[in-house]
Amino acid sequence: MHLGRVIGDLTSVVKYKEITGEKFLIVEPLDYSLQIKGTPTVALDTVHAGVGDIIFYVVGREATFALDFFNVPIDATIVGIVDDVNPELLIDLVEPK
């Protein structure tokens, strides 16, 4: 899973039939100290996130696991909204001293 911040929404009139009616958001990837790391990406929203929310998302094949349908062209899916973050703890878990 990856951390990110929602920075916008995306409107698409024409979509693959299985994702018609689904909401997409623009996500800015974050590192464990909540600093921007990388370029924004588009992710399908399964948790009703909004602009400014810190979220976690999955990419690749795992992005379809949160959906009720399979074999869809999805590269990233938002699977949770972060309520609170302790960056020091996260950094220690990933980069032990």
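The condition of being assigned to a loop (DSSP other than H, G, I, E, B) and of a type outside the set (D, E, K, R) holds for only one of THR77, THR39, that being THR39. Is at least one residue of the stretch 18-25 out of contact with any strand residue (DSSP E or B) (no Cβ under 6 Å at 6 or more places or on another chain) and part of a helix (DSSP H, G or I)? Taking every residue of the stretch 18-25 in turn, at least one turns out to be out of contact with any strand residue (DSSP E or B) (no Cβ under 6 Å at 6 or more places or on another chain) and part of a helix (DSSP H, G or I).
Scanning the stretch 24-41 for residues that are in contact (Cβ under 8 Å) with a residue 24 or more places away in the chain and not aliphatic (A, V, I, L, M) gives GLU28, PRO29, ASP31, TYR32, SER33, PRO40, THR41.
Could we say that VAL59 is touching a Ser or Thr at 6+ places or on another chain (Cβ under 9 Å), at pLDDT 85 or above and either surrounded by 16 or more Cβ atoms within 10 Å (Cβ to Cβ) or under 19 Å from GLY8 (Cβ atoms) (or both) here? Reasoning before the result, please.
On the way: touching a Ser or Thr at 6+ places or on another chain (Cβ under 9 Å): yes; at pLDDT 85 or above: yes; either surrounded by 16 or more Cβ atoms within 10 Å (Cβ to Cβ) or under 19 Å from GLY8 (Cβ atoms) (or both): yes.
So VAL59 fits the description; yes.
Selection within the stretch 14-53: residues that are among the hydrophobic types (A, V, I, L, M, F, W, C) and surrounded by fewer than 18 Cβ atoms within 10 Å (Cβ to Cβ). The member of this set that is farthest from the chain's Cα centre (by Cα) is VAL14. Cβ-Cβ contacts under 8 Å between residues 6 or more apart (or on different chains), taken from a first residue in the stretch 42-56 that is touching a residue at least 24 places away in the same chain (Cβ under 8 Å) to a second residue that is crowded, with 20+ Cβ neighbours inside 10 Å and in a loop (DSSP other than H, G, I, E, B), are listed as LEU44/ILE74; ILE55/ALA49. Here GLY8, GLY4 are screened, and the one residue that is part of a strand (DSSP E or B), surrounded by 18 or more Cβ atoms within 10 Å (Cβ to Cβ), in contact with a strand residue (DSSP E or B) (Cβ under 8 Å, 6 or more places away or on another chain) and not hydrophobic (A, V, I, L, M, F, W, C) is GLY4.
The values are calculated or read from the model by the stated rules, or taken from the named source; none is laboratory data. A quick note: this is a predicted structure, and the numbers were derived from the prediction, not measured. As a convention, Cβ positions derive from the backbone with ideal geometry for all residues, glycine included, and neighbour counts pool all protein chains shown.
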